[in-house]
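Worksheet for the structure shown next.
Only the coordinates and a few stated rules stand behind these numbers; no lab work does. All values derive from a computational prediction rather than experimental measurement. Quick reminder, even Gly has a Cβ in these numbers, built from the backbone with ideal geometry, and neighbours come from all protein chains shown.
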Amino acid sequence: MTFAEILGYAAAILLIASFAMKTLTTIRYLAVAAAVVLAVYAIVSGHYVVLVLAVLLAAVNAWRMWEAEKVVGAARAAAAGAGAPVTVDWLLPHMEAVALPKGHILFHKGDPADAMYFISHGRIELKEFGVEVGKDSLFGEIGVFAVENVRTATAVCLEDCSLLKVSAERMRELFYQNPDFGFFLVGVITRRLVADLDRASAGRISPV
């Protein structure tokens, strides 16, 4: 067996092994390793079309891996800062800006919970509970993960609002891809529930 053939088999084994992995990060690492070995094989054997393909595969997987690691690192830092203000810097690549006028109804009670929101500017009223949330507030995260997966209140813009929105599908994807992001979300939801209990004990219940 030639050296080139050994490299080819090694690349194939690494690629197949990546399909057996359970976490996306491990899949990316093995895919990059397989692409690098495939590139060396292409150079040794003189298959330059394969070399181009290997370089593209390595670049795409390395970029996606870097993106995921950035989310995990920022989530770790955010989770470590007890009492720190909510920040969405690490979520920005996955969010889209939404501009809404005063009086706009973002969602009604009972609607499917299809997104989480962060308020960049403005105020939102959760009507059934008479609660206002303002700038730098995160809301809608519990509905996304609730069993019923529905909104518990109607959200109305009290003034012109600028929001950042991340879809429920993308949130679940990040949750399953990155355990640290999942733990961060659990922390956010736990703090929200504790705050709700505090309001309830004072005779005022707040939804999320």
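Some points to look at:
- Nearest-0.05 FRET efficiency for Glu67 and Ile6, computed from C-beta distance (R0 30 Å): 0.40
- Charge sum, other residues only, whose C-beta stays under 10 Å from Gly122's C-beta, Lys/Arg counted +1 and Asp/Glu -1: +1
- In terms of its alpha-carbon gyration tensor, segment 92-201 comes out oblate; a/c meets the 1.5 threshold, while b/c is at least as large as a/b.
- Cα centroid separation - segment 88-125 against segment 2-37, whole Å: 41 Å
- Separation of the Glu148 and Asp198 label points, Cα + 7 Å toward Cβ, nm: 2.5 nm
- A cut-off under 12 angstrom between Cβ atoms defines the neighbours of Cys157, and their net charge, with Lys, Arg +1 and Asp, Glu -1, is -1.
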